[in-house]
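A.B. asks: Below is the structure I would like to discuss, written out as structure tokens.
The values are calculated or read from the model by the stated rules, or taken from the named source; none is laboratory data. These numbers were taken from a predicted model, which means no experiment stands behind them. Neighbour counts run over all protein chains shown; Cβ positions are idealised from the backbone, glycine included.
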Amino acid sequence: MAQYFAEVIWLRGEQDFVSNRYSRRHRLRFDGGAEIAGSSSPHVVPIPMSDATAVDPEELFVGSISSCHMLWFLAIAAKRKFCVDRYHDNAEGIMENNAQGKMVISVVTLRPAATFSGEQIPTQEQIQELHHLAHDECFIANSVKSEIRCEPVFPD
């Protein structure tokens, strides 16, 4: 078993909390020392109570799925002796009401593009297989109910 920790810090300061016009900006601190600015999504809580320059939970959710998928993709590619030079993903999450009327991120679509070099360049079929295996192994994808799609991007 492994444990993971994130510290979330928010301070009211002089804000009028009871009027519901307080900033949702906060700090997220992770066990490795990384710290980022967090906020509610401006799609959920209007600016100025949200900070569009900070990362919101929905973005973190999509980013964690994309990051986990990439890490597994790289590990599997390395094991198969494919040399990945670059990996870039334009991941997207869709938030909408589910059948019970609750807001959920219903679909996460990954659009990874990988470039390779070396003696063994994988075919598009092999790249699809690498993505399929990465998806099957991704801890985050295995932990959520949302549909997660992967649509690799190939160079022309």
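A.B. asks: Does the range 2-50 hold any residues that are among the basic types (Lys, Arg) and either over 23 Å from residue 93 (Cα atoms) or touching a Pro at 6+ places or on another chain (Cβ under 7 Å) (or both), and which are they?
C.D. replies: 12, 21, 29
A.B. asks: Among the listed residues 151, 147, 137, identify the single one that is charged (D, E, K, R) and closer than 13 Å to residue 68 by Cα.
C.D. replies: 137
A.B. asks: Yes or no: residue 28 surrounded by 15 or more Cβ atoms within 10 Å (Cβ to Cβ), in contact with a strand residue (DSSP E or B) (Cβ under 8 Å, 6 or more places away or on another chain) and either outside the structural domain of residue 112 (by TED's automatic domain parsing) or basic (Lys, Arg) (or both)?
C.D. replies: yes
Conditions (1) in a loop (DSSP other than H, G, I, E, B); (2) at pLDDT below 95; (3) assigned by TED's automatic domain parsing to the domain that holds residue 40; (4) among the aromatic types (Phe, Trp, Tyr), marked per residue:
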{"position": "81", "(1), (2), (3), (4)": "yes, no, no, no"}
{"position": "84", "(1), (2), (3), (4)": "no, no, no, no"}
{"position": "101", "(1), (2), (3), (4)": "yes, no, no, no"}
{"position": "116", "(1), (2), (3), (4)": "no, no, no, yes"}
{"position": "119", "(1), (2), (3), (4)": "yes, yes, no, no"}
{"position": "132", "(1), (2), (3), (4)": "no, no, no, no"}
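Yes or no, residue by residue, for (1) surrounded by 15 or more Cβ atoms within 10 Å (Cβ to Cβ); (2) under 12 Å from the mean Cα position of the chain (by Cα); (3) of a type outside the set (D, E, K, R); (4) within 22 Å of residue 42 (Cβ to Cβ):
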{"residue": "66", "(1), (2), (3), (4)": "yes, yes, yes, yes"}
{"residue": "72", "(1), (2), (3), (4)": "yes, no, yes, no"}
{"residue": "77", "(1), (2), (3), (4)": "yes, no, yes, no"}
{"residue": "82", "(1), (2), (3), (4)": "yes, no, yes, no"}
{"residue": "93", "(1), (2), (3), (4)": "yes, yes, yes, yes"}
{"residue": "120", "(1), (2), (3), (4)": "no, no, yes, no"}
